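Asker: Pasting in a structure now, in structure tokens, and then I'll have a few things to ask.
Nothing in this text is a laboratory measurement; each read-out follows from the coordinates by a stated rule. Everything numeric in this text was worked out from a predicted model, so none of it was measured. We place every Cβ from the backbone using ideal geometry, glycine too, and count neighbours over all the protein chains shown.
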Amino acid sequence: MPAVSHPEAERFLEMLREEFDSLSRQLKLIARYVEQHRDHIGLDRIQDVALRCGVQPSAVIRFAKRFGFSGYTEMQKMFRDGIAQQIAPSRNYQARIRSVIESAQGQLSSADIADEFIAGSIAGLQEFKRDLHSTVFDDAVALLVAADTVWVTGARRSFPVATYLTYALQHTDKRVELLDGLGGMHEGRMRSLRAGDVMVAISFSPYAEESVQCARAAVARGARLIAITDSALSPLAPMAATTLVVHESSTFGFRALTNTLCLAQSLFIALAYRKELLYAPPEVGNAAER
């Protein structure tokens with residue numbers, strides 16, 4: 001989760017999480033944006049926030065007043081003070097990519113585009129490394145260690161990550177089930193899920209409903225949930241035993257999967273390390289035959 005250095009901003013974000021369920025639909029959209037883009041709010045215009053949330057600027061003002069501010073400007077100042085000494089790498093990158101586009105005047109080569117995507121991924125990984133909470137990560141690994149069966153679900157954009165994580169976990173002694181939704185068989189596949197199993201649910205805004213439903217059904221059956229998502233206000237978070245929050249870089253309006261795949265790989269390697277798995281090549285023949 002991104003660090004916010006201003007104490008008032010920390011208290012505000014905590015209040016946001018506590019009161020989220022009582023907010024109207026529009027205010028929830030704004031709350032999620034503020035929570036996910038806290039490093040940007042100090043620099044965003046009210047029109048930018050409204051556009052990205054799909055609401056009118058008046059709704060942003062109403063949101064600020066709902067939490068005791070005189071308006072958006074006062075709320076923004078709190079976040080601006082918090083980033084005065086450190087602007088998020090992703091924000092620096094976004095400013096740079098806009099500059100590249102403007103200076104290139106539509107003349108970017110294919111190599112230029114690839115270079116920008118790679119640079120964005122590097123910046124995103126640097127921010128991800130800074131923000132990773134080791135205790136939360138350790139909790140997720142401990143859940144995987146204790147589980148007899150691990151279920152993985154992730155739809156749409158999250159599907160490649162869910163598929164990779166399932167593949168990687170199959171290199172352990174765990175029983176692993178991928179809920180891929182083939183034939184609409186989510187419910188049928190989950191009949192063998194038991195209390196004590198662990199489900200890893202991966203979903204990002206606007207949050208695939210099928211993934212949320214699978215997570216809800218798993219928790220109802222007594223499974224522990226590891227949520228990999230982009231916000232503490234994600235619909236997965238309240239159900240989760242532990243929530244791993246991942247923010248991805250965005251290049252030309254396309255969000256990367258670099259950080260999320262890195263997290264999936266890290267979960268697998270950490271689990272393998274904890275299980276003391278040995279990946280030695282099989283011996284050919286035996287001593288008596290040599």
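Asker: When M239, M15 are ordered from fewest to most other Cβ atoms inside 10 Å of their Cβ, what list results?
Answerer: M15, M239
Asker: Follow-up question, since we're still on this one. What is the spin-label model distance, in nm, from E187 to K28 if the labels are put 7 Å beyond Cα along the C-beta direction?
Answerer: Placing both labels 7 Å along Cα→Cβ, they lie 2.3 nm apart.
Asker: Expected output is a single nm value to one decimal: the length gained when fully extending between Q170 and R130, i.e. 0.36 nm times separation in residues minus the C-alpha distance. What is it? Walk me through the intermediate numbers first.
Answerer: Working: separation 40, 0.36 × 40 = 14.40 nm, distance 2.95 nm.
Stretched out fully, the Q170 to R130 stretch lengthens by 11.4 nm.
Asker: What does the charge add up to near I46, with Lys and Arg as +1, Asp and Glu as -1, over the other residues with Cβ less than 14 Å from its Cβ?
Answerer: +3
Asker: Additional query: Run the reach check for K275 against aspartates and glutamates, Cα to Cα strictly under 16 Å, same-chain hits fewer than 8 apart removed. What comes back?
Answerer: Output for K275: D138, D139, D148, D173.
Asker: Another question about this same structure. When ranked by the protection proxy of mean other Cβ atoms within 10 Å per residue, highest first, what sequence do the peptides 181-192, 66-77 form? Kindly include the intermediate steps, with their values, before the conclusion.
Answerer: Values: 181-192: 12.2, 66-77: 15.3.
Result, highest mean first: 66-77, 181-192.
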